[in-house]
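Colleague: My questions will all concern the structure given below.
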Amino acid sequence: MPRQAVKVCVRTRPTANFAQDAIQIDTAKNSVLINTAHKKAMEAQHPDVGMNNSESLFGFNFHQVLHNASQDTVYETMSRDVVQSVVDGTNGTVMTYGQTGSGKTFTMIGDTRNFAHR
């Protein structure tokens, strides 16, 4: 059986106040682009803060970007192979990481009150 490397996946959490002006998600290219230019413009209005010549555009590539994805899609895309490998006798780990309240437990367990979201 071929050995598989670590895969990094991002699942974005849909919110009512999504920062569409600052965050661009491209699921076709599995990339996330963060633009902080609006923050620099706000800081420019306050010259007493000093000059800020930091980068304002950051790009990140991942193995998979899941935007507004269902629990089924997350499982089929990222976990099915790991679970099957464990059943076949190979060690496997699915790990979530993120800020408090960002949806880690929901991604791993789902909504226990609703079978479709489990």
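Colleague: Can you tell me how much longer the chain between Val94 and Val6 gets when fully stretched, taken as 0.36 nm per residue apart minus their C-alpha distance, in nm with one decimal?
Modeller: This chain segment gains 30.7 nm when fully extended.
Colleague: For the pair Gln64 and Ile34, what calculated FRET efficiency results from E = 1/(1 + (r/R0)^6), where r is the Cβ-Cβ distance and R0 = 22 Å, to the nearest 0.05? List each step's numbers first, then the result.
Modeller: Details: r = 18 Å, r/R0 = 0.82.
For Ile34 and Gln64, the calculated efficiency is 0.75.
Colleague: Sequence-distant or interchain residues sharing an amide H contact under 5 Å with Arg11, placed H: which?
Modeller: HN-HN under 5 Å from Arg11: Leu66.
Only the coordinates and a few stated rules stand behind these numbers; no lab work does. A quick note: this is a predicted structure, and the numbers were derived from the prediction, not measured. Note: ideal-geometry Cβ built from the backbone for every residue, glycine included; neighbour counts use all protein chains shown.
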